[in-house]
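Before any comments, here is the structure.
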Amino acid sequence: MEVPKDQIATLLEHGLYNSAQMLGCFLVSSPAANAESAPHLKTESLVLLGDSFFREREYRRAIHTYKQALQHYKMIPKQNMSSGRSSLSSNRSSSPNSCNGSAINESEVKFKIASCHCFLNENKAALVEMEGIPSKARNLPMNLLLGKLYRISRHSRAAVAIYKECLRHCPYVLEAITALAELGSTAKDIISLFPQTLNRSGRAPFDHTDSSRWLQRYVEAQCCMASNDYKGALELFADLLQRFPCNIHLLLEMAKVEAIIGKNEEAIMNFEKARSIDPYILTYMDEYAMLLKLKSDYPKLNKLVHDLLNIDPARPEVFVALSVLWERKDEKKALQYAEQSIRIDERHIPGYIMKGNLLLTMKRAEAAVSAFRAAQELRPDIRSYQGLVHTYLALSKIKEALYASREAMKAMPQSAKALKLVGDVHASNSGGREKAKKFYESALRLEPGYLGAALALAELHVIEGRNGDAVSLLERYLKDWADDSLHVKLAQVFAATNMLQEALSHYQAALRLNPQNEAAKRGLERLEKQMKGVDPDAPEEDEDNDVEDADGDQDETELL
């Protein structure tokens, strides 16, 4: 043959995809690979050319070429096809550049086409291709892709069945374990799928002894996370981390859980530890960006975003981090970045959470509801419930807010944050303040260190004229927690009761702890006017006073 096809396979194996592409053009156009006289050779040549496009990420060209190959494959006489299939049955591979010397594997080509569609975000087309592969012909990578596609298309039962098949084949497919946990399978159900049959040595390929107990603990941790038992998940991940110290995956999982439940300092520490081990990780880095913004650590946030852009500017985490960075400068641009993260990956939950929060800030509450609902459908956690409740309150839809908060409490019975959410709804009207007080106090009994509930209860005391109770509560918490938000709230209470010197002291203390605290900066500016005998709300040459005051109120709401 003029152009030996094994040379293209060699080029592909060595990563010389551009050369393989050019040589493939010669191979496909060679007279020896005539479609009528040698359909099998034409088919194999087209698959190899398709592989070169696939590797160069030219997915449209790859799909077109693979489909041409399948058309020519149909022209191969049946006896040749059957012999080709039998020769392939002992040599099947899921690698996009694998091709048997005598014929192609039709299932492998369909899998490659489906993979191309996935990269192009064409999940429906990918699912059609994958469903065209007989179940007996599917290998582990094929089943994993099919499970993912079923999940995206919300065929949960079919996804569960496929993921279970993956674990029967190999118990160490951790993404299948996570998917099954999120789809509602129990730890017991998942562990029961692990193979028990004996191998040639007489030992089970997966035994339930100490050597494999870590995997069972991992299953339990993922099931705890999926069922919103964050405390249980943290304990299990911490236990695993003792056995596997400096495990980046475990550090990131722990940090993510800590971020969700509000253990921000611990989460930041674990994110930073993971980055110190591997500075090029992208997983959950948008969650880390959100924490840095909450801490008002903008220099670190700016550096993080710069680093992420240099690693891979096409990942959804990078666009969420950009959205976080731009939020205080340009909300519209921040929203565009959040929406771009969802376009890249329509299952990226932080993208929806960020989008919902931005829309709420921009007074587009109805659209914010849709964003939080989308996040909740993917995987409900406390943040999507918080977003829904606050959005419904902004729309004065008290019944819907109460329903969403009770739904959160039902899903997370041991969550102080869920209890506080119910309290927030009752506190929104004067008739429900006594109920709100009880829910805030219950949240603090469940989690004494939950400052959000303490601040909300202090605000309730102030609204009802119990300033002394608010001061006592906040000062009690300040003994154990040096937190800038506690100092800001105390300063606001003192300023409201004309105890200006005490207010000044606490604003300054807040800024010493966090120089970027905007509420403390604005409060201090107003206080200085009060101390000079100037009405801080009086119109001056600065026409933005009223807007700034409104922002101060908004910050107080955020502190709750």
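The values are calculated or read from the model by the stated rules, or taken from the named source; none is laboratory data. Note that the coordinates shown come from a computational prediction; the quantities given were computed from them, not determined experimentally. In case anyone asks, the SASA skips ligands and DNA or RNA and just uses the protein heavy atoms, side chains included. Shrake-Rupley method; radii C 1.70, N 1.55, O 1.52, S 1.80 Å.
Each residue was assigned an accessible area with a 1.4 Å probe, and for residue 131 the value is about 100 Å².
For the chain, what % of the accessible area comes from carbon and sulfur atoms, probe 1.4 Å?
Numbers: 13880 of 27370 Å².
For the chain, the apolar C and S fraction of the accessible surface comes to 51 percent.
For segment 14-26, putting each phi into the Karplus relation 6.51 cos²θ - 1.76 cosθ + 1.60 with θ = phi - 60° gives couplings of 8, x, 8, 5, 5, 5, 4, 5, 5, 5, x, 4, 5 Hz, in residue order, rounded to whole numbers and with x for Gly and Pro. Taken one residue at a time, the phi angles of segment 488-500 give Karplus couplings (6.51, -1.76, 1.60, θ = phi - 60°) of 4, 5, 4, 4, 5, 5, 5, 5, 5, 9, 6, 8, 5 Hz. Gly and Pro are set to x. Angle of helix 210-226 to the longest C-alpha principal axis of the chain, folded into 0 to 90 degrees and rounded to 10: 60°. If you model segment 142-183 as an ellipsoid using its alpha carbon gyration tensor, with each semi-axis the square root of five times an eigenvalue, the axes come out at 15, 10, 8 Å, biggest first.
Here the chain was treated as a single set of alpha-carbon atoms; its pair distances binned every 20 Å from 0 give 17, 44, 26, 11, 2 percent.
Accessible area ranking (1.4 Å probe, heavy atoms, ligands and nucleic acids excluded), largest first, for 355, 67, 112: 67, 355, 112.
For the chain, the longest principal axis of the C-alpha atoms and the axis of helix 156-169 are separated by about 60°. Compared with the alpha-carbon gap, the fully stretched path from residue 238 to residue 336 is longer by 31.6 nm at 0.36 nm per residue.
At a probe radius of 1.4 angstrom, the accessible area of the chain per residue rounds to 49 square angstrom. Where does helix 39-55 land angle-wise versus the long Cα axis of the chain, in degrees 0 to 90, nearest 10? The answer is roughly 20 degrees. Taking 18 Å as the limit for the C-alpha separation, the pairs 363/435; 295/437; 300/329 exceed it in the case of 363/435; 295/437. Evaluating 6.51 cos²θ - 1.76 cosθ + 1.60 at θ = phi - 60° for every residue in segment 239-244, the Karplus couplings come out as 4, 5, 5, 5, 7, 10 Hz, glycine and proline recorded as x.
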